[in-house]
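A short worksheet on the structure shown next.
No value in this document is a laboratory result; all are computed from the given coordinates. Because the structure is predicted, anything quoted here is derived from the model rather than measured. Every residue, glycine among them, receives a Cβ derived from its backbone with ideal geometry; neighbour counts consider all protein chains shown.
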Amino acid sequence: MITLDKPITVNKFDLYSRGMQALYNILGTVDTEEFIFLVKSDQFDYTKWQRQHFDAKTPEQISAEAEAYVTKHPYTGDASTII
């Protein structure tokens, strides 16, 4: 188990930069731009989408999907950076 001496604060710019980098890494430049356009133009409500998405699943399904993801994508970075 990892414990941190003090909470790590992430500023908005850093969070924005990390989020954009994650999108580019997964979607590529064109699909990232399209995704951002769609989210902005559709008045996308992430909280509503998340509720609809996860309400359709049982806790067991969510747990199994999380376990499968972690198994397929193990964390290989610096454990001290986990928040």
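Just a few scattered comments:
- Pairs of lysine residues in the chain - Cα separation under 23 Å, sequence separation of 8 or more or cross-chain: 5
- Options (1) 17.6; (2) 16.0; (3) 13.4 - which one matches Kirkwood radius over Cα pairs in Å as calculated here: (2)
- In the chain, helices alone account for a calculated mean residue ellipticity at 222 nm of -22000 deg cm²/dmol, with every DSSP H run of four or more residues adding -39,500 (n - 2.57).
- Residue order, fewest to most surrounding Cβ atoms within 10 angstrom, among Tyr46, Tyr16: Tyr46, Tyr16
- The fewest-to-most ranking of Thr32, Thr58 by surrounding Cβ atoms within 10 Å reads Thr58, Thr32.
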